[in-house]
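Novice: I'd like to ask you about the structure that follows.
The values are calculated or read from the model by the stated rules, or taken from the named source; none is laboratory data. This one's a predicted model, so the numbers in the text were calculated from it and none came from an experiment. All Cβ positions, glycine included, derive from the backbone under ideal geometry; neighbour counts span all protein chains shown.
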Amino acid sequence: MNRALAAIFVIIFNILIIPAFSENTPDNEPPQPSYPVMIGKHVLFEVPKTTKELNPKKRAFVISERLTKLADNHLVYFDNISTKDYSEPISLVLADNEFLFAILSEDAEYAGLTRHELAEQLSEKVKNTVKQYRKERHIKEIIKGVVLFVIETLLLIGVLFFTRRLYRKIITRVDEWVAAKKEFLESQALDLVRIDKISFLLLAMLKTIWFLIVLGFFYIYIQVGLGFFPWTQAIANKLLGFVLQPVTTIARAFLGQVPNLFFLAVISVITTYILKLMRLFFTGIEDGEIKFKKFYPEWAQPTHGVCRIMIIAFALVVAFPYIPGSNSLAFKGISIFFGVLLSLGSSTAVANILAGYMIIYRRVFSVGDRIKINDIIGDVIETRLQVIHLRTLKNEDLSVPNSLIVNSQVLNYSSLANKHGLILHTTVSIGYDTPWRQVHAMLLEAADKIDGIMKRPAPFILQKSLDDFYITYELNVYTNDPRKMGSIYSSLHQQILDVFNENSVQIMSPHYINDKPGPVIVPKDQWFAPPSKAPVT
């Protein structure tokens, strides 16, 4: 136990007492019996010349400086003053767990008291003196702080006004320089670097610098302003540490990653210019300036997209080990999380994208073609990687997923229409009592009266079947405009009705049951009769 107490005493003595004293006096003044310990203008107690090893003047100065500093710190509460006694030869006086000073046995002997009694007496005196000291400084510091804060605010307004004007002048000069150099830079850049991008980059840099400068001014304003008032001085002192610590950490991390960042910058620049050159190459293919055998112009942009993704993916694979923090567990966890989300939520999207590329490279249809998907007929107005947009016959905008198209039968009315013509056909049923040659002639006559069908190749008729009560004839005509299918069919049916009625030939479609006394036709003199005078059959 005695050895433990002795060890504690040696540690406390070396940490708290010896640094505060020195054998060398700062001047050549003659030694005095004691030196005062003061807070401001208030004398707390005197430090006597008790031992030959300790310098009382230096000891009094260090204690006074420590007490004054703690008294100015309003976060330290002197109402909680406590003492700690040790068997030999020291007692410690603490305020809110902050060390104030030490009392030696020699000090107690000089005062004629025990160390505990002297510590209690001095603790009460320190408490009352600090209260008086803070009370005296309170009003003065507030007035002084308010005046300095107002001055600082006016200075901040002036500095911000000046820097704002300077910022606007710089922006104006940059705009003038860009306008003067625009034609020259664009002619020299060969469309690889556009002047509007350079202008945007310069303005973004200037705005960033301006924002950082203003932020710095406000930070200085807040820190200095908090230092004007006693109760915020401790916060002001800590505020600098709050900013410097993360900035220092970031700066050290940045300096440590400079080689990696340089490598990433090189990879980024190389990748960017490869993508620009590749875009120019595929644009030339799309415009017909660059031609390859069996490589169609409509394949240019989809192939460009695939190559772009592959180049970016390759660049990311090369750059990934050099990304700061790529080896950390947090980075790996985030990567796994996004990978899981992508795999779970994008199965349909990926299927549609792959189907979109399959449709493009199979050349199933092009924009403007009239197609039929299952029971849907429409004109292709836009193709995307996941869907195509159709305008139906009723002028409706219909989005069809690409995966549905790949798994369905697609009928393209337009792909051969310009070269060979699209065959439109319709059927009529005529009785056996009408010669088939006459039926052929009437059908060809009806087709000849229609606009929008091709004369070459000529229309033709097929006899599809010999049924129980009638013969089924099929009229086939050619058109090179699939978009007029509806109107051609309507006109064709109208002309067939007119020609057969004019020749008193009954059409036995769609169902025929038995013969009537006369043919079921509309006489020519009643073709244009109004509804009220229409014949009743």
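Novice: Which of the residues spanning the range 459-498 are in a helix (DSSP H, G or I), of a type in the set (Ser, Thr, Tyr) and closer than 16 Å to LEU443 by Cβ?
Specialist: TYR489, SER491
Novice: While we're on this one: Counting only residues that are outside any helix (DSSP H, G or I) and acidic (Asp, Glu), how many does the range 438-455 have?
Specialist: Going through the range 438-455 one residue at a time, the tally reaches 1.
Novice: Only one of (1) outside any loop (DSSP other than H, G, I, E, B); (2) at pLDDT 80 or above is not met by VAL367, so which one is it?
Specialist: (1) is the only condition that VAL367 fails.
Novice: May I ask you to verify whether THR248 is part of a helix (DSSP H, G or I) and either exposed (fewer than 11 other Cβ atoms within 10 Å of the Cβ) or outside the structural domain of PRO302 (by TED's automatic domain parsing) (or both)?
Specialist: When the stated conditions are applied, THR248 passes them.
Novice: Output the residues belonging to the range 71-102 that are surrounded by fewer than 20 Cβ atoms within 10 Å (Cβ to Cβ), aliphatic (A, V, I, L, M) and in a helix (DSSP H, G or I).
Specialist: none
Novice: Among the listed residues ILE405, ILE377, identify the single one that is out of contact with any Gly (no Cβ under 7 Å at 6 or more places or on another chain), within 30 Å of MET508 (Cα to Cα) and outside the structural domain of PHE469 (by TED's automatic domain parsing).
Specialist: Exactly one residue qualifies, and that residue is ILE377.
Novice: Quick check on PHE281: is it part of a helix (DSSP H, G or I) and not assigned by TED's automatic domain parsing to the domain that holds CYS307?
Specialist: no
Novice: Residues in the range 433-447 that are surrounded by 13 or more Cβ atoms within 10 Å (Cβ to Cβ) and over 16 Å from GLY421 (Cβ atoms): how many?
Specialist: Qualifying residue count, the range 433-447: 10.
Novice: What are the residues in the range 103-120 that are surrounded by 17 or more Cβ atoms within 10 Å (Cβ to Cβ) and either charged (D, E, K, R) or in contact with a Lys or Arg (Cβ under 6 Å, 6 or more places away or on another chain) (or both), if any?
Specialist: Selection gives ILE103, ASP107, ALA108, ARG115.
Novice: Return the total of residues in the range 187-214 being more than 18 Å from ARG173 (Cβ to Cβ) and at pLDDT 85 or above.
Specialist: Total meeting the criteria: 3.
Novice: OK, next. Before we move on, is GLY333 surrounded by 13 or more Cβ atoms within 10 Å (Cβ to Cβ), free of Cβ contacts under 8 Å to residues at least 24 places away in the same chain, farther than 27 Å from GLN386 by Cβ and not β-branched (Val, Ile, Thr)?
Specialist: Answer is no for this residue.
Novice: Give just the number: which of (1) assigned to a helix (DSSP H, G or I); (2) in the same structural domain as LEU497 (by TED's automatic domain parsing); (3) not aromatic (Phe, Trp, Tyr) does THR426 not satisfy?
Specialist: Only one criterion is unmet by THR426, namely (1).
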